[in-house]
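All remarks here apply to the structure that follows.
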Amino acid sequence: MSKVNPLFFALGIPVLVIVVLMAIVIPRFAGGGKFTDLSPFSVDDYRKDWATLQGNAYRFDCQIEKQLAYEEGKGRVLAVKPTDISRGTGRVPLFVPLAAGETFEVGQRFKCKVRVVRDLLVVEDLERF
Amino acid sequence: MSKLLCSFLGCVAFASLAFAQAPQPGATVSGGGGGDYRSSTGEAMGDRLFDVNSDSVDMENGSMQWKGKTFNLGNSRAMRMRFERYLASPAAGGDMTKYIATLTQIEKILGPNVVNQNNVYASQQAAFDLLFVAAEHEVDGNNCLTIATQVKKIWSMRAEFRDLNINKNQLEALRKTQEGVVVNRAERMEEANDSKANSPTTANGGKTGLTKTSQGQTELGYRVKDEQRTQAEILAKNAEMLALGLKAQVEFQSQMVGFLLARRYRHCLISSAFYRVLFKGGNQNIRVGAKEVKEFFPVSDFVPTLESVDTLAREAMNDVTTGMRTVDDLYKQGELYGAFERLQETYFLGEFEPAVMMYDQGKKREMLDLWRDLRELQRLGDERDLANVEGYVNKVRGRARDFPGAAILSRVNNAINASNMAVLSAKQAALGGDTAKAEAALERATKIWPQNPSVKEFANQVVSRQDKLSQMVPEFDRMIAEARWREVFNKKLEFALALAQDKARSDKLREVINRVGELDANIQKASVLASQNNPYLAWDVIVEISKTESDDLVLAKTRSDIAPLVADYARLIGQAEKLEREGGEAAALTAWMAAQDLNPASPSCGAAVKRLAAMVAKSAVAKAATTTPIPAAGDEVPVPTGK
């Protein structure tokens, strides 16, 4: 019976832990998770000419800045800023229908599926991260 | 010492009174002429006698206060000129020393320790001769000649007196002879009468023969008459001698007091010395003004004498010496104004004293410059030229650091404020249509400060008001119709004056003034914000007021000044407004939020964001449902649907 080299455990266990952690963390920073199949939303494009984006759905990773308005039975308008600033900075308004059912706090981050409905960004689905 | 001082004060008061009573209004103070020293109005000075105020010179009235007593120095203009001439003149040189030495020698020769029974005439003659030596000096002003003349006159009077005495003696001898004749004649008559009574009678009892009963009576009568005439002539000579003696005394004493009043103290002392040797001991009392002099001395049994006058003169000389020492000390300490004042007083107290006459010319020159500045300052004050007073006060302060300019400036500022207040009141009254009140206020302002520029400006406005009235009303109407608010505002004062009686137009004018005033305040606010490196807030203010005052040129200029600083901000706001007009509330909201990112404190951005967010929230579902339906769950292609 061959004896397992202790060195194998000494090196193998840490490597395994690192691999597992990387498997968990990298997808989060790399924009993984839900809506990975959607194109990322560009704040700059939206600001420049929202009309060209009408009807499209995008993945929008954002952080809540402030709730601007709340309409009973309809939803709320949030001011959010993109977590990925490579496609534009600055705040944009986001309409979250009541059906989304989430509780929103300032500073929370979400991965959203947004659709450009005329000039308004409407959240169709979202995931907190 | 106090007695001495009191006696001095009394005599000074008397002297001033006498001088003030001089019959000739233009009489000069020099030359020993003097005034009416026998004035009996000395009582009037009684209440002022011991009111010892500080020494001062009143240039306006031409008088000087010395130890509480007033010296009338004559015409104030002449007084000023004399003092100015003194300041400008060079100091007296070596001759002055010689002159003083001569005067002192005269006094010594006539001194009581020198003159005795043996040398009384020789001393008089020696002193008399020295008077002519002293008179050769220019500074003497020939006053020693006056004394010499007076002495010579006394000598002549004395000779006349001697002649009168001889005549009187001769008459007395004649009278005695005549008396003897009268007695002789009377005895002879008595003898004749006795022999007649003892002669034998006739047989029939009658007298023998015809004889004169009063033989020699007629002759006796004539002899008695002659004797009486001689007696009367003797009495007349006596009276004439008495009068001559009194005249000599009075004239000499008058001259002496005259010198005292003319502040020729040394001449007064020399006159006194001569008097002492010329007149007997029984005639040493003061006759001229004795009553008044006595009244001023607080001693009930006081007898005014020559020594009283001597004391006054010596006290004045000492005071002058002390005064000049004070002047020099103040000068050395840099207190030129104080030195100037003391010099002025000392000069008028003893301008002929050597200490005054020999004062250094350089120092006097500095005081002359100060004196001229002070006179100019006084002239400005008299003319109420308040605007220039401050400059001159500072100029005088530059020369004399002890000059009390703060009080003057305080009064000037008060007067300026009062005048300006009166002008303001006049303007308000004029605007209210109260012409009488406006005129009164304007008169008050002019009285306080005749050259007040506000008065002139207001007067011009009032004068041209009537002319402009006919032009102003149509001009105002035209400007209002053309909404030229700024131009109306710029001419508000003219319009206010012209439209004071027109209530409707005045109300309109007030409205315009308030409107442009508010606009200006906002423009000012924007300018301040921009200057404080806060251009975005400044732009907010500009944008806000531009909504109502878009045609104002000042606003446009301010806007153009600030615009380059906030180009991005302005572009975002413009874009937001445009999007909102086109119905893109969400896009407009995005633009407003971008603008707010640039200017977080902006109230207008905050309001717009709040308003648009509410609108978006209300219309979002409808918009989503009607305009762009949510695609099916499987549609995840980021391409527009094409609808």
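The values are calculated or read from the model by the stated rules, or taken from the named source; none is laboratory data. It should be emphasised that the depicted structure is a prediction, and the values quoted were computed from it without experimental measurement. Cβ placement follows ideal geometry from the backbone for every residue including glycine, while neighbour counts extend to all protein chains displayed.
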So residue A:65, is it over 30 Å from residue B:599 (Cα atoms), acidic (Asp, Glu), at the interface with chain B (Cβ under 10 Å from one of its Cβ atoms) and over 14 Å from the mean Cα position of the chain (by Cα): no
Give me a count of the residues in region B:514-553 that are under 19 Å from residue B:484 (Cβ atoms), touching a helix residue (DSSP H, G or I) at 6+ places or on another chain (Cβ under 6 Å) and either of a type in the set (Val, Ile, Thr) or exposed (fewer than 14 other Cβ atoms within 10 Å of the Cβ) (or both). 3
Flag if residue B:401 is in contact with a Gly (Cβ under 7 Å, 6 or more places away or on another chain) and at pLDDT 85 or above: yes
Within region A:39-62, count every residue that is out of contact with any strand residue (DSSP E or B) (no Cβ under 6 Å at 6 or more places or on another chain) and facing chain B (nearest Cβ under 7 Å). 3
Within the bounds of region B:363-378, is there any residue that is closer than 30 Å to residue B:249 by Cβ, in contact (Cβ under 8 Å) with a residue 60 or more places away in the chain, out of contact with any His (no Cβ under 9 Å at 6 or more places or on another chain) and loosely packed, with under 15 Cβ neighbours inside 10 Å? no
Select from region B:487-511 the residues that are surrounded by 18 or more Cβ atoms within 10 Å (Cβ to Cβ) and over 53 Å from the mean Cα position of the chain (by Cα) and list them in ascending order. B:505
Subset of region B:152-180 (residues that are surrounded by 15 or more Cβ atoms within 10 Å (Cβ to Cβ) and farther than 20 Å from residue B:240 by Cα): B:178, B:179
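For residue B:114, state whether it is of a type outside the set (D, E, K, R), touching a Lys or Arg at 6+ places or on another chain (Cβ under 7 Å) and surrounded by fewer than 16 Cβ atoms within 10 Å (Cβ to Cβ).
Values: of a type outside the set (D, E, K, R): yes; touching a Lys or Arg at 6+ places or on another chain (Cβ under 7 Å): yes; surrounded by fewer than 16 Cβ atoms within 10 Å (Cβ to Cβ): yes.
Yes; evaluated as a whole, the condition is true for this residue.
Here is a check on your reading of the model: is residue B:598 surrounded by 13 or more Cβ atoms within 10 Å (Cβ to Cβ), within 12 Å of another protein chain (Cβ to nearest Cβ) and touching an Asp or Glu at 6+ places or on another chain (Cβ under 8 Å)? Spell out the reasoning first.
Numbers: surrounded by 13 or more Cβ atoms within 10 Å (Cβ to Cβ): yes; within 12 Å of another protein chain (Cβ to nearest Cβ): yes; touching an Asp or Glu at 6+ places or on another chain (Cβ under 8 Å): yes.
Against the criterion (surrounded by 13 or more Cβ atoms within 10 Å (Cβ to Cβ), within 12 Å of another protein chain (Cβ to nearest Cβ) and touching an Asp or Glu at 6+ places or on another chain (Cβ under 8 Å)), residue B:598 qualifies.
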Any residue at all in region B:356-365 that is under 15 Å from the mean Cα position of the chain (by Cα) and not aliphatic (A, V, I, L, M)? no
Could you tell me which residue of region A:100-129 is farthest from the chain's Cα centre (by Cα), considering only residues that are of a type outside the set (Asp, Glu) and within 10 Å of another protein chain (Cβ to nearest Cβ)? A:118
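Look through B:378, B:361, B:344 and report the one residue that is over 24 Å from residue B:265 (Cβ atoms) and of a type in the set (S, T, N, Q). Reasoning before the result, please.
Numbers: B:361 fails: over 24 Å from residue B:265 (Cβ atoms); B:344 fails: over 24 Å from residue B:265 (Cβ atoms).
Step by step, each of B:378, B:361, B:344 is checked, and only B:378 is over 24 Å from residue B:265 (Cβ atoms) and of a type in the set (S, T, N, Q).
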Output the residue which, of all residues in region A:68-86 that are facing chain B (nearest Cβ under 9 Å) and among the basic types (Lys, Arg), is nearest to residue A:39 (Cα to Cα). A:76
